[in-house]
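As structure tokens, the structure follows; a few thoughts come after it.
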Amino acid sequence: MALIDAHNHLHQLPDPDAAIAAMKDAGISGCVVNGTSEDDWSDVASLAERHPDFVHPAFGLHPWHAHRRTPGWLEKLRSFLDRFPHASIGECGLDRWVDEPALEEQRAVFLPQIALARERNLPLTIHALKAWGPLLEALSDEAPPEGGFLLHSFGGTPELVCQFARFGARFSFSGHFLHPRKSKVLDAFRTVPVDRLLLETDAPSMAPPAEFITHPLPDGQNHPANLAAIARELALRFDEPFEEFAARCTENTRQFFRLH
């Protein structure tokens, strides 16, 4: 069964083309590659042009980079979306784990990206860390796109699953949550509606435990080809046949990102 990595930063690896070859060998048929700032949108675009049947580009301004934006950032984002009309928006969001930039400055770039996703009816990938209340407030202030949004590497509670599902959320599981100290996150994912669950690596970040690293990289980086081992282990934890589990997650990803 061909898997799809719903969220990574493949362009940040030293040799993305070699990584794609390894992903294909591991049974992965595609990935959504997310830009995070004006500085890397062109790198995502270049990768998508070289691998149009494998790389599905996403362009967004990450909350960590909100204070480094240029005055024309939103128009620049629009231009990349014009160039890639089947792209998605992301990653963007809110983060109270960092002290800088301030939450209000993060909101100043997050709300226009929600509005742009709604305006163009594009899939939207959201980063949220220690900011669940402000995120619910933002989604009330600026309605999400009709097709909903993805909370990538969702690390919240079962109660938050219910709250965000009402807004149209999808939830992607990262192999980082297979670490024993993250066991409570597995409980939350057991409450995710079956048609809302996606799989991701967030590569080169969020590496899984060592026993699920099939493609090691230097400096603890996470290879996106590790997705296959992550998916097998999650199916086991959910007590589901791997083929059925993988097929459902892949179809959920195709449906959300409109990859048919």
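The values are calculated or read from the model by the stated rules, or taken from the named source; none is laboratory data. Quantities reported herein were computed from a predicted structural model and do not represent experimental measurements. Please note: Cβ atoms are built from the backbone with ideal geometry, for glycine as well, and neighbour counts cover all protein chains shown.
Going by what's in this entry, would residue 172 be described as in contact with a Leu (Cβ under 9 Å, 6 or more places away or on another chain) and surrounded by 15 or more Cβ atoms within 10 Å (Cβ to Cβ)?
yes
Would you check which residues across the range 221-237 are within 21 Å of residue 31 (Cα to Cα) and in a helix (DSSP H, G or I) and list them?
Answer for the range 221-237, where residues must be within 21 Å of residue 31 (Cα to Cα) and in a helix (DSSP H, G or I): 224, 225, 226, 227, 228, 229, 230, 231, 232, 233, 234, 235.
Would you confirm whether or not the range 194-205 contains a residue that is touching a Ser or Thr at 6+ places or on another chain (Cβ under 8 Å) and part of a loop (DSSP other than H, G, I, E, B)?
yes
Kindly indicate which of 225, 210, 203, 188 is over 21 Å from residue 17 (Cα atoms), touching a helix residue (DSSP H, G or I) at 6+ places or on another chain (Cβ under 6 Å) and among the aliphatic types (A, V, I, L, M). Full working, then the answer.
On the way: 225 fails: over 21 Å from residue 17 (Cα atoms); 210 fails: touching a helix residue (DSSP H, G or I) at 6+ places or on another chain (Cβ under 6 Å); 203 fails: over 21 Å from residue 17 (Cα atoms).
Result of the check over 225, 210, 203, 188: 188.
Can you tell me which of 97, 73 is of a type in the set (Phe, Trp, Tyr), out of contact with any strand residue (DSSP E or B) (no Cβ under 6 Å at 6 or more places or on another chain) and over 17 Å from residue 172 (Cβ atoms)? Please lay out each step first, then the result.
Numbers: 97 fails: out of contact with any strand residue (DSSP E or B) (no Cβ under 6 Å at 6 or more places or on another chain).
Just one listed residue meets the conditions, 73.
Do you know which residues across the range 28-83 are charged (D, E, K, R) and either part of a helix (DSSP H, G or I) or in contact with a Cys (Cβ under 6 Å, 6 or more places away or on another chain) (or both)?
Residues satisfying the conditions are 43, 49, 50, 68, 75, 76, 78, 82, 83.
For the range 95-115, enumerate the residues that are surrounded by fewer than 17 Cβ atoms within 10 Å (Cβ to Cβ), among the acidic types (Asp, Glu) and not in a loop (DSSP other than H, G, I, E, B).
Within the range 95-115, 104, 105 meet the criteria.
If you scan the range 109-138, which residues turn out to be in contact (Cβ under 8 Å) with a residue 12 or more places away in the chain and of a type in the set (D, E, K, R)? I'd like the intermediate steps shown before the answer.
Initially, the range 109-138 is screened for residues in contact (Cβ under 8 Å) with a residue 12 or more places away in the chain, giving 109-118, 120-132, 134-136, 138.
The answer is 118, 120, 130.
Output yes when any residue across the range 139-149 is under 14 Å from the mean Cα position of the chain (by Cα) and either within 14 Å of residue 58 (Cβ to Cβ) or free of Cβ contacts under 8 Å to residues at least 24 places away in the same chain (or both), and no when none is. Reasoning before the result, please.
From the range 139-149, those under 14 Å from the mean Cα position of the chain (by Cα) are 148-149; that's our starting set.
Filter again for either within 14 Å of residue 58 (Cβ to Cβ) or free of Cβ contacts under 8 Å to residues at least 24 places away in the same chain (or both), leaving 149.
The answer is yes; a qualifying residue exists.
Output the qualifying pairs, or none if there are none: Cβ atoms under 7 angstrom, residues six or more apart or on different chains, first residue in the range 89-108 and at positive phi, second residue small (Gly, Ala, Ser) and in a strand (DSSP E or B).
So the pair list comes out as 90/58; 93/128.
Given the residues 244, 240, which is the only one that is assigned to a loop (DSSP other than H, G, I, E, B), within 17 Å of residue 192 (Cβ to Cβ) and at pLDDT 95 or above? First the steps, then the outcome.
Details: 244 fails: assigned to a loop (DSSP other than H, G, I, E, B).
The match here is 240.
Consider residue 69 against the criteria (1) under 22 Å from residue 203 (Cα atoms); (2) among the basic types (Lys, Arg); (3) crowded, with 18+ Cβ neighbours inside 10 Å: it satisfies all of them except one. Which criterion is unmet?
(1) is the only condition that residue 69 fails.
Each row is one residue, and each column tells you yes or no for (1) touching a residue at least 60 places away in the same chain (Cβ under 8 Å); (2) touching a Gly at 6+ places or on another chain (Cβ under 6 Å); (3) over 17 Å from residue 248 (Cα atoms).
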| residue | (1), (2), (3) |
| --- | --- |
| 173 | yes, no, no |
| 181 | no, no, yes |
| 184 | no, no, yes |
| 194 | no, no, no |
| 198 | yes, no, no |
| 221 | yes, no, yes |
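Among the residues in the range 78-89, are any loosely packed, with under 14 Cβ neighbours inside 10 Å and of a type in the set (S, T, N, Q)?
For the range 78-89, residues loosely packed, with under 14 Cβ neighbours inside 10 Å and of a type in the set (S, T, N, Q): present.
Kindly provide the set of residues from the range 1-55 that are within 21 Å of residue 113 (Cα to Cα) and out of contact with any strand residue (DSSP E or B) (no Cβ under 8 Å at 6 or more places or on another chain), ordered by number.
37, 38, 39, 40, 42, 43
Of the conditions (1) touching a Leu at 6+ places or on another chain (Cβ under 8 Å); (2) under 18 Å from residue 4 (Cα atoms), residue 127 clears all except one; give me its number.
All conditions pass for residue 127, except number (2).
I need the full set of residues from the range 175-184 which are under 18 Å from the mean Cα position of the chain (by Cα) and either farther than 13 Å from residue 156 by Cα or surrounded by fewer than 20 Cβ atoms within 10 Å (Cβ to Cβ) (or both), in order please. Before the answer, list the steps.
In the first step, residues of the range 175-184 are kept if they are under 18 Å from the mean Cα position of the chain (by Cα); the result is 175-178.
175, 176, 178 - these are the residues of the range 175-184 that are under 18 Å from the mean Cα position of the chain (by Cα) and either farther than 13 Å from residue 156 by Cα or surrounded by fewer than 20 Cβ atoms within 10 Å (Cβ to Cβ) (or both).
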